[in-house]
Amino acid sequence: MILKKVTTINFRNLVKQDINLNKNTNIFIGDNAQGKTNILESIYFLALTKSYRTNDANLIRKDETFTKVKGEVRDNGIFKSLSVEIKDSIKKAKINNNDVNKISDYITNLNVILVSPEDINILQGTPADRRNFLNIELSQLSKNYIKKYNEFNKILKIRNNYLKMLYNSSNPDRRYLDSLTENLIEREIDIYQERKRFIDLINSNVSKIYEDIMRIKNFRIEYETNVDFDNFETEHLKERLKKKYNASLNKEIENGMTLYGPHRDELRFLFNDDDIKIYGSQGQQKVAIIALKLSEIKIFKDLTGSNPIILLDDIFSDLDLKTRNKLIDFIPDDIQVIITSNDTKGINRKFLDTAKIFKVVKGNIVEKVGNNNAK
Ligand SMILES: Nc1ncnc2c1ncn2[C@@H]1O[C@H](COP(=O)(O)OP(=O)(O)OP(=O)(O)O)[C@@H](O)[C@H]1O
Ligand SMILES: [Mg+2]
């Protein structure tokens, strides 16, 4: 898919802005704190209806009352106009000017893969940061995932409250708990299976990318669930989960919460058998994340039938020239890429030749003249 045009209104420090994008590479250059990342963030917000670095309220330009981002997307010959708006703490997403009620109907329309400095949290942050990574990517790839995940969270809350209540109850109604557990397990099965499939797909091509760039073999992600499974077949998952909840009933009541399930999943990033988080240099960690994101391009294409849009926020700083150029080689030619950088100096010719270059100054964007190749 291609994002042909983005319009930002009162988004962060960006004044009202129409940005006509090139179908290949787009580069936003400028000094620090001018609004380059805000542009990528506005596109991410248009795609996912939320930011990856702050809450909704901070997205509204200071002293204004609302923000809106609009975009024109072309996907397999079909044009769609998308918009997301926040006003009076209410968020509205629209497709072709029609309100969308279910978020799952919206966020599969514009698929983005963002590579940003915040990504280091996938390695260095908490297990919740790693699950958040899975949730964001899978929400873009699977309507079923968002649906089941939302239902799972609702049931989990009710079950946790009920477990708390049981702690003080002399005559607990086990039947109600059993039905909650059964409903929970049903959603958990889908979540486990979708996560496992996605991680397997990443593992099928990430190590080649990492090895080509860093000359280190066997980069892979290990999926760790806190219930032991021999495989991810539906019946097997169901049986193991049932057993686990049965055996842990007293412990769960004592703790007043559901202790087992995909809300406790963890990911490990390994090269050979070493944890990259512990053994990797800064560069090795940074490239591991970039390789991970690049490995998703093929997965998105295979599963959705369209190329995702790649957003690269300042990824070239602190990487040596050789590594940079190798990274760029992994981005297919027919894909739309939007890059931010302080200047064009460190950017590879292959990129510059077909790129449209914009300069960002205090929230204003101007197309740079003198770049004749841009279309
Ligand atoms: N809600 C808001 N209203 C107005 N300005 C905002 C708002 N949120 C952030 N800003 C401003 O946006 C600017 C930061 O923009 P951004 O993060 O896009 O910078 P950048 O060009 O990517 O800089 P760097 O090169 O340092 O990463 C800051 O000056 C910040 O004060
Ligand atoms: Mg920035």
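The values are calculated or read from the model by the stated rules, or taken from the named source; none is laboratory data. All figures in this text were calculated on a predicted structure; none of them were measured in a lab. Neighbour counts run over all protein chains shown; Cβ positions are idealised from the backbone, glycine included. Accessible surface areas use protein heavy atoms only, side chains included; no ligands, DNA or RNA. Shrake-Rupley method; radii C 1.70, N 1.55, O 1.52, S 1.80 Å.
Summary table below
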{"read-out": "Lone qualifier among K208, K251, K217 - being surrounded by fewer than 17 Cβ atoms within 10 Å (Cβ to Cβ) and more than 26 Å from the chain's Cα centre (by Cα)", "value": "K251"}
{"read-out": "Condition check for I43: open to solvent by less than 30 Å² (accessible area, probe 1.4 Å), away from ligand 2 (no atom under 16 Å from the Cβ) and modelled with pLDDT of 95 or more", "value": "no"}
{"read-out": "Yes/no for L48 being within 16 Å of ligand 2 (Cβ to nearest atom) and in the same structural domain as K102 (by TED's automatic domain parsing)", "value": "no"}
{"read-out": "Failed condition for R187, given (1) open to solvent by less than 50 Å² (accessible area, probe 1.4 Å); (2) in a loop (DSSP other than H, G, I, E, B)", "value": "(2)"}
{"read-out": "Check on K50, at pLDDT below 95, away from ligand 1 (no atom under 12 Å from the Cβ) and open to solvent by 20 Å² or more (accessible area, probe 1.4 Å)", "value": "no"}
{"read-out": "Those residues of the range 21-37 which are among the polar types (S, T, N, Q) and either part of a loop (DSSP other than H, G, I, E, B) or surrounded by fewer than 20 Cβ atoms within 10 Å (Cβ to Cβ) (or both), in sequence order", "value": "N22, N24, N32, Q34"}
{"read-out": "Lone qualifier among K322, K301, K375 - being away from ligand 2 (no atom under 16 Å from the Cβ), charged (D, E, K, R) and modelled with pLDDT under 85", "value": "K375"}
{"read-out": "Members of the range 11-20 found to be open to solvent by less than 20 Å² (accessible area, probe 1.4 Å) and either outside any strand (DSSP E or B) or closer than 25 Å to S306 by Cα (or both), listed by number", "value": "I19"}
{"read-out": "Residue in the range 222-231 that is closer than 23 Å to R159 by Cβ and open to solvent by less than 10 Å² (accessible area, probe 1.4 Å) present", "value": "yes"}
{"read-out": "Among (1) more than 30 Å from L156 (Cβ to Cβ); (2) touching a residue at least 24 places away in the same chain (Cβ under 8 Å), the one test that K277 misses", "value": "(1)"}
{"read-out": "Residues satisfying the stated conditions in the range 86-132, i.e. among the aromatic types (F, W, Y) and without any contact (Cβ under 8 Å) to a residue 12 or more places away in the chain", "value": "none"}
{"read-out": "Entirely in the range 260-375, the helices (runs of 4 or more DSSP H) that have 1 or more residues that are farther than 16 Å from M214 by Cβ and either within 16 Å of ligand 1 (Cβ to nearest atom) or open to solvent by 30 Å² or more (accessible area, probe 1.4 Å) (or both)", "value": "276-279, 282-304, 349-353"}
{"read-out": "Restricting the range 110-148 to residues that are within 14 Å of the chain's Cα centre (by Cα) and polar (S, T, N, Q), the residue that is surrounded by the fewest Cβ atoms within 10 Å (Cβ to Cβ)", "value": "N132"}
